[in-house]
1. Which aspartates and glutamates have a Cα lying under 14 Å from the Cα of LYS164, excluding residues fewer than 8 positions away in the same chain?
2. Which aspartates and glutamates, on any chain, are close to LYS257 with Cα under 13 Å apart, when same-chain ones fewer than 8 places away are left out?
3. Can you compute the FRET efficiency between GLU357 and ASP328 using 1/(1 + (r/R0)^6), with r the Cβ-Cβ distance and R0 = 22 Å? Round to the nearest 0.05.
4. Once amide H atoms are placed 1.01 Å from N in the peptide plane, what residues at a sequence separation of 5 or more from VAL184, or on another chain, have their amide H within under 5 Å of its amide H?
5. Which value, in Å² and to the nearest 10, is the accessible area of PHE601 when all protein chains are kept and the probe is 1.4 Å?
6. On alpha-carbon atoms, Rg over Rh for region 496-631 using Kirkwood Rh?
7. Enumerate the whole-percent occupancy of each 10 Å bin, from 0 to the last occupied one, for all C-alpha pair distances of region 586-652.
8. Arranged from highest to lowest average of other beta-carbon atoms within 10 Å per residue, in what order do the peptides 62-70, 107-115 appear?
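The values are calculated or read from the model by the stated rules, or taken from the named source; none is laboratory data. Everything numeric here is computed off the predicted structure, so don't read it as measured data. Every residue, glycine among them, receives a Cβ derived from its backbone with ideal geometry; neighbour counts consider all protein chains shown. Keep in mind that these areas ignore ligands, DNA and RNA; they rest on the heavy atoms of the full protein, side chains included. Shrake-Rupley method; radii C 1.70, N 1.55, O 1.52, S 1.80 Å.
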Amino acid sequence: MNVKDSGSFQEILKAQRRAIKEKWYRIFVPAEYSPKAREERQINDLLDRIFDCLIAEPFRPDRIRAIGASLTIYPWLTADTLGSTLETMANQIGQTMAVDHLAELQPRLTRLIIELVIGFSQETLRMQNERLEALSAAGPELIARLDLDELLHAIVIQAVDLLKGRAGCLCLHQPDRDILASAVTFGDVCQVGTVYRKGEGLCGQVWETEEALIAALDDVEASHTSIGAPICWGDLFLGVLIVQADGSRRFSASDVKLLSMFATQTAIAIRNVRLYEQEQKRAKQMVVVNRVGRKVVSTLEPKQLMQDIVTEIRCSFEYYNVIILLLDAARQELGNQAIAGGFENLAPPNYRQPVGEGIIGYVAQTGQTLLVNDIDQDPRYIVGFREEVQTKAELCIPLKRAGEIIGVLDVQEPVANAFDHTDVIALETLADQIAMAIDNARLYQQAQQDAETKSVLLREINHRVKNNLTAIIGLIYTEQERLPEEHRSVYQSIMQNLINRIEGLAIAHSMLSASEWQALSLSELVTEVIRVALPALPLGKRITIEVSPSTATISPEQAQNIALITSELTTNTIKHALREKDVVNIVVDIITEGDVVQLTFKNDGPGYSREILEEERYSGGLELVKNITEVSLRGAFSVKNEEGPVTIMRFSTQERMKPSSSSSSSSSSLG
């Protein structure tokens, strides 16, 4: 349900507080967990505090971090699941907000998530640090390190010092390739990057058994032994730590136990750093997602929009190459729309790739995200541009709108294992925004094209109508000149009346054309129609005009009718009022009451006859005015004398007003 109420987003959220909290509760508490009454109250109190922080002024990061720290008491929450849980809770709020309020609320939601995650991560790290300090005095220095490379080097050096060894190395497990690869070495045990498979060498044997082992090295004297200990976090195998002894001693069972204990500390340290780096990366990515989200709604030109997107993603996430390709459904091909990064000069601007071919084509065909951290191991990969493209890892995200695939967002790196699940989450979040922005830009562009087409057609139609009206007036003048002398005086008045009516319609049409057929100002229309009739004044006669200013506007259809009415009443004034006077004043009053307008047309010439006032007889022109008012405008018509003839017309600018019963009977009596 989209909330359309006015007011700040805080007021709207307060009105929705209970419903939002109920949804949050169902998201926050797993279905399989049944909290007790006391826990339910505790959780509801927690959600209240989060909600209050979201709408509070000023925003209090310290208070939010404290709430994030308190989340560690819930057994189902981990650093991996907390972010997604908070994102789902934030999305529930987004579904209840209008677009303008959501744009204001989104940065605050993002900051709320970041501060909660940071508070949770910091508290988790603090608790783990306390346990490490209690277990071993060797752990504090490692736990204090938050850079993975620095930590790994410190682990190897401390392990060698701890066991009085001569060399050491640390091999990390790469689950996607199912190998061990040496990440850090000290001494001459092995080279960085050396690969071990399960069961191969001491590293492979420790991996296979997940137990600490002592072995003699094949490439050194028998007196040189080494110890290998598994680095495990629960059931998660992280790697192997190796320490090699020098020739003066051999490792004992106590050395094995000591290294195993140290490896346990090492696992915690590595896991903590990875979690910290993931959360830091995730927090940074969420900030970038928010920034890119603001950028994609600020541009409505499709090509520029997509180029801005790939450039922002590439710079913010520091990816090697980012490209957007859109689907040509008719040709079943993906076409290059925007690219930023290392492949900019390699990719042809008109590059196309068939759906179903390569990683990009596979994603466009299946609509599923695909992460390949080693393209050498995936047969779907094809070289898209040239052989110079040194892609080693690729992440491709489908762009969908209303369930339909409209293209893909693809990022590539020249090194293997460059992406993780945080990249997937961030880019999938961005993909939804990008697809919506591209769709909106396309709609905007189409609307512009449609508007231009409509404008061209209107100009052509208006031009032709204006020419036709001018031609008709010209024909009338021609026919008037061709009348025999004895008939000219009889028909001249009729012809002039007809010309005035057509010119009144022409001026209304010109004004409507200029406004692109939008509502017209009633006072401006009346003024212009009166002015266009003045050139028909007899020689030596003059008319002054006074039209009261008004904000009333009328529809295009009403404008045509008002033009005829005004033209007819002006013609009647010229015909009758100027017989006995050289100067006549025309006064038009416009009064509005809601959407009802009263238009009063009067002059200071001779008043209406008794027959007209008592509705016994109307002149042809006045009868036309009456019929237009009551039938076409669905309004009310009346006449009176007040220092001259007064004609009153009442009608609704919304075209809903119906004639009164007396007016209806008058129309019937006229037959």
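1. By straight Cα distance, LYS164 reaches ASP246, ASP255.
2. Straight-distance partners of LYS257: GLU211.
3. Working from the Cβ atoms, E equals 0.95.
4. Distant-sequence amide H within range of VAL184: LEU170.
5. Roll a 1.4 Å probe over it and PHE601 shows about 10 Å².
6. Value, to two decimals: 0.96.
7. Taking every Cα pair in region 586-652, the percentages come to 21, 52, 25, 2.
8. Details: 62-70: 17.9, 107-115: 20.0.
Ranking, from highest mean packing down: 107-115, 62-70.
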